[in-house]
Structure formats: C-alpha cells, structure tokens
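Input: a single structure, listed below in structure tokens.
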Amino acid sequence: IYPLLFEDSTGIIKGYIPDILSLIESRSNLTFKYVPKERGRTVKEMLRNGSIDMLLFPSKSEIEDLNIFSFTNPYLKIKYIAMKTNSLISKEDTIGILIDDGFCKELLKNNKMGGKVKFYHELDTLLLDLERGEISKVYMRQDVLKEVLARKLIKSYTVMPNDFITSDLSFGLLISHPEIKSLLNKVISTLNVDQIENIKKLHLLFRQFW
C-alpha cells in the first residue's frame, strides 16, 4: 500500500504509517510490532483470539459486526484533488479515482461526489480515459498529482484545488484497552501538519509500475 505501508527490497516495513508509529513511540511508552495476517484467518478471528490488538486502518466491512472495537481520532488525512482535461468536452458524467489501496476505496465511497464513480489502479489507463472524454474528471492522491504535473503526463489540464475529497485514517482498537486508546489520542493530538508533511517527503512520491 505504497507509500502508506510497504516492504522494501530488504524486507523492512516502511512508509508513512510506520514513521508515524515511530513518532508515537518516541512520545509515549507504547511499542508496536507488525503482525502479518495469518493464513486462513480473518482479521475478526485474529482480534478475537488475541493475535492482534490494533488495526492500522480498519475498514467497516472488516469490523462492522464486532461489538469489541473502537476507533482513535484520525492520525492521517489522505487528500484526493480533482483535475480535468481541457482537450475536449467529456461525453460521460463519470468520475475517475486513482487508488492503489483497497481500504481507501471503501472510505472514499462515503464521500458525496455526484455522478458515477469508476476506480482505477493504473495511472496510464486513467489518464487515457480522461483524454478520450470517457470520464469527466479525475481525483488522485495529492502526491501523485504533483508527479503527474511535474512529468507532464497529460498535455492540457485544469487542476481544481478547491474540489477535493479526503479519507481520514484512524487506528482500530479492542474496547478492552481504553487506556491505550486514550494515550494514542493524546499523542495524536500533538502531531502537527509540518511533522506529517516531513514524513511524506521521506518517501518517493511516484511508482513507475502504475
């Protein structure tokens, strides 16, 4: 789920979220250990049997029927900014959204965007459909949009900075650990925008395989 959470060539877990967890560790007595999903077991089962205590970005579909779960305050905001082509008038009232992480797909569905929504996992396909007029506009993650513009991957466009949608990421915890949730919320409240932006700058913004 680059650049939020990914494994580098040496097998080390990196990304925005591990860096935020490290920052939380430095400001509290909490320590975190990444636990991979167990083969043949769902997240719900892992929560129930105590294999894990917390989810980094839980989706409602994973935990909607659990009465043992609660959320922290948001620790990270993912912003998707709109862009349209100036080449031609769109034939379709369809919005394209570039995402490479399933959890964001579910969160974005809760935004009121109007029109039909089509999700893309490949940047080239999304830009081609935009230029053909198959979609009226696109939303893409802010860091990816910057790279698209810097690399001039689309000829004629208009960026609409005031037209955006966001997804807030929160940690999911067992309700049996209210003290941990309280501590996490206190530390999260100390994180400022500059610190989060500095974390984002540590990682490459664009992956060539899109």
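In the set (1) in a loop (DSSP other than H, G, I, E, B); (2) surrounded by fewer than 17 Cβ atoms within 10 Å (Cβ to Cβ), SER182 fails one condition alone, (1). For region 7-42, the candidate set comprises residues that are in contact with a Leu (Cβ under 7 Å, 6 or more places away or on another chain), open to solvent by less than 60 Å² (accessible area, probe 1.4 Å) and part of a loop (DSSP other than H, G, I, E, B); within that set, the residue that is modelled with the lowest pLDDT is GLY15.
When the residues of region 137-184 are filtered to those that are at pLDDT 85 or above and among the polar types (S, T, N, Q), the one that is farthest from PRO3 (Cα to Cα) is SER182.
Residues checked against (1) touching a residue at least 60 places away in the same chain (Cβ under 8 Å); (2) surrounded by 14 or more Cβ atoms within 10 Å (Cβ to Cβ); (3) of a type in the set (Phe, Trp, Tyr):
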position: LEU126; (1), (2), (3): no, yes, no
position: LYS146; (1), (2), (3): no, yes, no
position: GLY172; (1), (2), (3): yes, yes, no
position: GLN195; (1), (2), (3): yes, no, no
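Checking the structure you have, find out if any residue of region 56-67 is aliphatic (A, V, I, L, M) and modelled with pLDDT under 80. Yes, region 56-67 contains a residue that is aliphatic (A, V, I, L, M) and modelled with pLDDT under 80. I'd like to know if region 159-169 contains one or more residues that are open to solvent by 20 Å² or more (accessible area, probe 1.4 Å), under 30 Å from ASN49 (Cβ atoms) and either under 21 Å from the mean Cα position of the chain (by Cα) or free of Cβ contacts under 8 Å to residues at least 12 places away in the same chain (or both). Yes. Residue under question is THR125, and the condition is that it be closer than 25 Å to VAL187 by Cβ, hydroxyl-bearing (Ser, Thr, Tyr) and modelled with pLDDT of 85 or more; does it hold? So THR125 does not fit the description; no.
The values are calculated or read from the model by the stated rules, or taken from the named source; none is laboratory data. Please read all numbers here as calculations on a predicted model, not as lab measurements. Using ideal geometry, Cβ is built from the backbone for each residue, glycine included, and neighbour counts are taken over all protein chains shown. SASA here: full protein model, heavy atoms, side chains in, ligands and nucleic acids out. Shrake-Rupley method; radii C 1.70, N 1.55, O 1.52, S 1.80 Å.
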